[in-house]
């Protein structure tokens, strides 16, 4: 395949496909060069290095994930929004395991601040949680609870970590309901009166 038409966007799209097929850890510049039928060096005019490629992939996948979540939560609030958010998160993680893994890497804070997708993620997530009457620092604590619960559940589910006969979806629904109850009865942060 000729180098003509090779762009950073095409390389990132191919990296996303490769991540889902082979796993995020197998996304390398050499593997992508083979996909395009070019030498590794041909990619360096579009991406600086492997870290740059993986960061671009993480931002790309994060954008896809928040687009799915935004569509799901539109016009909803409270329990309905939380359920739609959670289900969109889970379906993306299970359908796109490599891309989802990319969303979990640590990204330089300056890149996050400059990313429309990352700003949108914060706006949608915090907006959903404000419907529960939360403000800082409780918002940050609640985001961390949701992310760790969703990520942990999806990681265990995708690895086949749930061996009990109970339907995995039924347990997911129960977990989301428990999160709704936790958010509804959130222990609000109060100032130190010591």
Of the residues that make up segment 134-156, is at least one modelled with pLDDT of 95 or more, surrounded by 13 or more Cβ atoms within 10 Å (Cβ to Cβ) and farther than 24 Å from residue 78 by Cβ? yes
Would you say residue 122 is free of Cβ contacts under 8 Å to residues at least 40 places away in the same chain, within 19 Å of residue 79 (Cα to Cα), surrounded by fewer than 17 Cβ atoms within 10 Å (Cβ to Cβ) and out of contact with any strand residue (DSSP E or B) (no Cβ under 6 Å at 6 or more places or on another chain)? yes
In segment 98-149, the residues that are over 26 Å from residue 51 (Cβ atoms) and not in a helix (DSSP H, G or I): 131, 132, 133, 134, 135, 136, 137
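The values are calculated or read from the model by the stated rules, or taken from the named source; none is laboratory data. Just so it is clear, the model here is predicted, and its values are computed rather than measured. Quick reminder, even Gly has a Cβ in these numbers, built from the backbone with ideal geometry, and neighbours come from all protein chains shown.
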